[in-house]
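The values are calculated or read from the model by the stated rules, or taken from the named source; none is laboratory data. Because the structure is predicted, anything quoted here is derived from the model rather than measured. With ideal geometry, Cβ positions are generated from the backbone for all residues, glycine too; neighbour counts draw on all protein chains shown. Only protein heavy atoms, including side chains, enter the accessible area calculation; ligands, DNA and RNA are left aside. Shrake-Rupley method; radii C 1.70, N 1.55, O 1.52, S 1.80 Å.
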Amino acid sequence: MWHNNLSVISTHCKNPAQQAWAIIQGFSGWLRIKPQSPDGVTNVFLLLTTALANSRKVDVLIANNEITEATLR
Amino acid sequence: MAKDKNRGEERTVPGPGHPELIVIMSPGVDVRATPSGVRAASDAVAGDLTAALDEAGAKLLPLFGPTEDRVRAASEAVAGSPDAPDLATFYHVEAPEDRLESLAESLGQLDGVEAAYVKPPAEPAATTLNDMAPDAGEPPAATPSFEARQGYLDAAPGGIDARYAWTVAGGRGAGVRVIDCEWGWRFTHEDLTQNSSGVLVGSSLSYDADPTAATSNNRSVNHGTAVVGEIGGDTNALGITGIAPDATVGAASFASFPSASTIRRAADKLGAGDIILLEIHRPGPRHNFQSRDDQQGYIAIEWWPDDFAAIQYAVGKGIIVVEAAGNGAEDLDDGLYNTRPASFPTSWRNPFNPANTSSQAVLVGAGAPPPGTHGNNHGADRSRLGFSNHGRRVDCQGWGREVTTTGYGDLQGGSDTDLWYTDRFSGTSSASPIVVGALACAQGVIRAQGGTLLTSSGAIAALRASGSPQQDQPGRPATQRIGNRPNLRQLIPQVADGWSNNRTVVRTHAKNSAQMAWAVLNGTGWIRVAPRSPDGVTNNLAILSEALANGRKVDVLLQQGSITEATIR
């Protein structure tokens, strides 16, 4: 489901393919960006990282503790 | 101009229109026509007018609004042509029809009266071509889809490629309002339920008790129903689909007001970027302004000064006006049309002559559909149909035969008129809604991008510079101009593409699937970053997101409704 207007607490990635995570306000622990396609994971990760670095809020679509979509506000 | 016989008495089926007596006062006479009588700066002028009107049992009414002062105030708020006439000087005379000609002659001789003329009864621009009889058989429980019969939706050159437009954000006409001006509609039709706004000006004519009879009312309602179906028929699994099904389509009725007044009222319901369609033509000078069953010699209404002024008013508001060229088989370049009728103002110039001031309405002729459409052959694809008016003033063409749409009942009939469909809608009447639909699709794309909306003159330029060219047919060469058939695959990039500079990024969005990234710019909906390569999409998204996060502006290149390049400022 969608969770709106949240802060990004931290982001993390590894150098293997499609390995990216974030900690989102209100959620405990790391949420992985669901692997689907390499650039798709990068795009979502880019939004989350940009939000974190610039103190912006995001809307995130989360299912089964994985992020599939994000909107930068 | 109109003679005594010009009221349809000798017609097989008289048209729905009536003659109109229009009076134009000279500037500075300062007339006030009120319910209690006529006043003027000069008592002599007021007295002469009153005497002439009283003698005929007539009443003088401002044509374009309740009072001269209100008309003038509204006109001044519109950035129209600098040489546009003062609409407050136009009047409509209510009088018994058999007194109109003599009254016009009397009024035209008075001091302070610049012109007084009778306009012949107007008609839908295709009445006699559309003699389809409804099928008596009852339809199936669920109407089947007829979309495969709507070849005009298909790719160019046969169609206008509406199906392409539907793949572009806004390309189904979202946010665009259209008003169809004619006499009758059936807005309760099963395929006109989603985005119809109904009759916004005046009242619609209705089917007669026997809707299958060949009567003026039945023809008028079928005609309007067919027109609005072409433009805005519902998106569903049954019947037809309109060219711009997300556009909001309403109607203004000539049955309630003089034609120019109806146009003005329709314009006041709309805003910049919306569209007015004029489904009307009149007997012209070729046959002495006489109504005829065959509609030979009928011409577009902008030739009459008050209708021309009303169109200029709408265009001045930023509205695109689309006008049927008429089914009179006339060469509008003929010198006949340069001859000013004695009852017209001396300042009048033939608007069909490109050397003169244009109304800036998009004038639409009727072209042949591809041979074989519905098993019929009307000549070479995109050749002028014999009934279509033609000339340098005609901007573009649409299908003038074989248009599948709502109404009439020859494709699907039965006892319920809300289920009627036709396979044979024809005329400049069927051609004009195709152009309206194409413009609504293009305008919807521009709206979705937050770009600069097309004006009527911009629409003319774009339609003339794109599309599938007119073709020759023996006896009907392409030199008898009706212009190109629109091609939305060309038209949309032409009007919507380009750099949009110094924009604010409001939102960015990404999915974890390949090349799925979007942005909202100030004034737009979601615009996709065009998928081409994964890293290219990511790079554009990075720029847009950095700009958003840091309050920076961007320049973006919009192509076919998507972002293809971005620059951070």
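Some observations on this one:
- Scanning segment B:255-291 for residues that are open to solvent by 30 Å² or more (accessible area, probe 1.4 Å) and at positive phi turns up just one, B:Asn288.
- Taking the listed residues B:Leu439, B:Leu419, B:Leu453, the one that is open to solvent by 30 Å² or more (accessible area, probe 1.4 Å) and at pLDDT 95 or above is B:Leu419, with no other qualifying.
- For segment B:370-416, a residue qualifies if it is polar (S, T, N, Q), in contact with a Pro (Cβ under 6 Å, 6 or more places away or on another chain) and open to solvent by 20 Å² or more (accessible area, probe 1.4 Å), and exactly one does: B:Asn377.
- Test: B:Gly326 is crowded, with 24+ Cβ neighbours inside 10 Å, within 13 Å of the chain's Cα centre (by Cα), within 30 Å of B:Asp191 (Cβ to Cβ) and of a type in the set (Gly, Ala, Ser): yes
- Contact annotation: residue pairs with Cβ atoms under 9 Å, 6 or more positions apart or on different chains, pairing a residue in segment B:225-252 that is on the phi > 0 side of the Ramachandran plot with a partner that is small (Gly, Ala, Ser), are B:Gly239/B:Ser145; B:Gly239/B:Gly229; B:Gly239/B:Gly233.
- Put simply, of B:Leu103, B:Leu110 the only residue that is open to solvent by less than 30 Å² (accessible area, probe 1.4 Å), in contact (Cβ under 8 Å) with a residue 24 or more places away in the chain and farther than 30 Å from B:Thr405 by Cβ is B:Leu103.
- Of all residues making up segment B:86-100, the number that are buried (at least 20 other Cβ atoms within 10 Å of the Cβ) and either among the aromatic types (Phe, Trp, Tyr) or part of a helix (DSSP H, G or I) (or both): 6
- The number of residues in segment B:34-59 being under 17 Å from B:Glu94 (Cα atoms) and modelled with pLDDT under 90 comes to 4.
- Scanning segment A:14-29 for residues that are surrounded by 15 or more Cβ atoms within 10 Å (Cβ to Cβ) and either polar (S, T, N, Q) or not in a strand (DSSP E or B) (or both) returns A:Gln18, A:Phe27.
- Annotation: B:Ala251 fulfils all but one of (1) modelled with pLDDT under 95; (2) assigned to a strand (DSSP E or B); the unmet one is (1).
- Restricting the search to strands (runs of 3 or more DSSP E) fully inside segment B:514-569 and requiring at least 3 residues that are within 12 Å of chain A (Cβ to nearest Cβ) gives B:517-521.
- Conditions (1) without any contact (Cβ under 8 Å) to a residue 40 or more places away in the chain; (2) more than 13 Å from chain B (Cβ to nearest Cβ); number of the one not met by A:Met1: (1)
This table checks each residue for (1) open to solvent by less than 40 Å² (accessible area, probe 1.4 Å); (2) polar (S, T, N, Q).
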| site | (1), (2) |
| --- | --- |
| B:Gln150 | yes, yes |
| B:Ile160 | yes, no |
| B:Gly173 | yes, no |
| B:Glu190 | no, no |
| B:Asn217 | no, yes |
| B:Gly232 | yes, no |
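- Selection status of A:Ile9, within 12 Å of chain B (Cβ to nearest Cβ), in a strand (DSSP E or B) and more than 16 Å from B:Ala542 (Cβ to Cβ): no
- One residue from B:Arg485, B:Arg507, B:Arg481 being charged (D, E, K, R), out of contact with any Cys (no Cβ under 8 Å at 6 or more places or on another chain) and away from every other protein chain (no Cβ under 14 Å): B:Arg481
- Of all residues in segment A:30-73 being of a type in the set (D, E, K, R), facing chain B (nearest Cβ under 9 Å) and in a strand (DSSP E or B), the one that is farthest from B:Trp518 (Cα to Cα): A:Glu66
- Of the residues making up segment B:499-513, those that are outside any loop (DSSP other than H, G, I, E, B) and farther than 16 Å from B:Ile446 by Cα are B:Asn502, B:Thr504, B:Val505, B:Val506, B:Arg507, B:Thr508, B:His509, B:Ala510, B:Lys511.
- In segment B:292-317, the residue that is surrounded by the most Cβ atoms within 10 Å (Cβ to Cβ) out of those that are in a loop (DSSP other than H, G, I, E, B) and more than 14 Å from the chain's Cα centre (by Cα) is B:Trp304.
- Any hit, segment B:466-478, residues being basic (Lys, Arg), out of contact with any strand residue (DSSP E or B) (no Cβ under 6 Å at 6 or more places or on another chain) and touching a residue at least 24 places away in the same chain (Cβ under 8 Å): no
- Residue within segment B:114-129 that is at pLDDT 90 or above, more than 30 Å from B:Gly400 (Cβ to Cβ) and open to solvent by 10 Å² or more (accessible area, probe 1.4 Å) present: yes
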